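Asker: Supplied in structure tokens, the structure appears directly below.
Nothing in this text is a laboratory measurement; each read-out follows from the coordinates by a stated rule. Note that the structure is a prediction, hence the values are computed from the model and not measured. Positions of Cβ are backbone-derived with ideal geometry, glycine not excepted, and every protein chain shown enters the neighbour counts.
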Amino acid sequence: MRIPKDERRDERALVRGAQRGSASDLEALFRLHWPRAHRAAFLVVHDAAAAEDIAQESFLAAIRALDRFDRRRPFGPWLHRIVVNRAIDWTRARQLRAEAELGESLPAPEQAPPLDGTLLAAMAELGPEQRAVIVLRHLLGYTPGEIA
């Protein structure tokens, strides 16, 4: 998503403060990015509780790696890539667990009903990697460079 230059400067100041240990700057970054991080996770995994866990774990991972974050780059795409990667991992693990539990002799599980409209139904047909790209590009508005 394109962030206006003034907001980008503010975000960079928050990142700089968070890197220096400011709890208030870290909280401001969290408040700024939480809704979109949670939404991105939910759109990939289609599970509200898992999306919340994934978004929280992603923020913790970002905080632990904040000293390695390049402040010349925008924080949002970096964080959302962490979120999407974790969501993809969660989806893969869920699929593996389901396969292991069901075994080959049982019929395939029923498809979950679409959550909201044709778009979500179509997205559910995609693999987690393709779904993540759609979420980042078309639903969250990131440029191809930011997604990469």
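Asker: For Ala124, project a label point 7 Å along Cα to C-beta. Then give me every residue of the stretch 28-58 with its amide nitrogen under 20 Å of that point.
Answerer: 39-52
Asker: Assuming 0.36 nm per residue, please report the length gained on full extension of the stretch Ala23 to Ala48 beyond their Cα-Cα distance. Walk me through the numbers on the way to the answer.
Answerer: Values: separation 25, 0.36 × 25 = 9.00 nm, distance 2.72 nm.
Gain on extension, Ala23 to Ala48, equals 6.3 nm.
Asker: Once R0 is set to 35 Å, what does the formula 1/(1 + (r/R0)^6) return for the Cβ-Cβ distance between Val133 and Arg12, expressed as a FRET efficiency to the nearest 0.05?
Answerer: On the way: r = 26 Å, r/R0 = 0.75.
Here the calculated transfer efficiency is 0.85.
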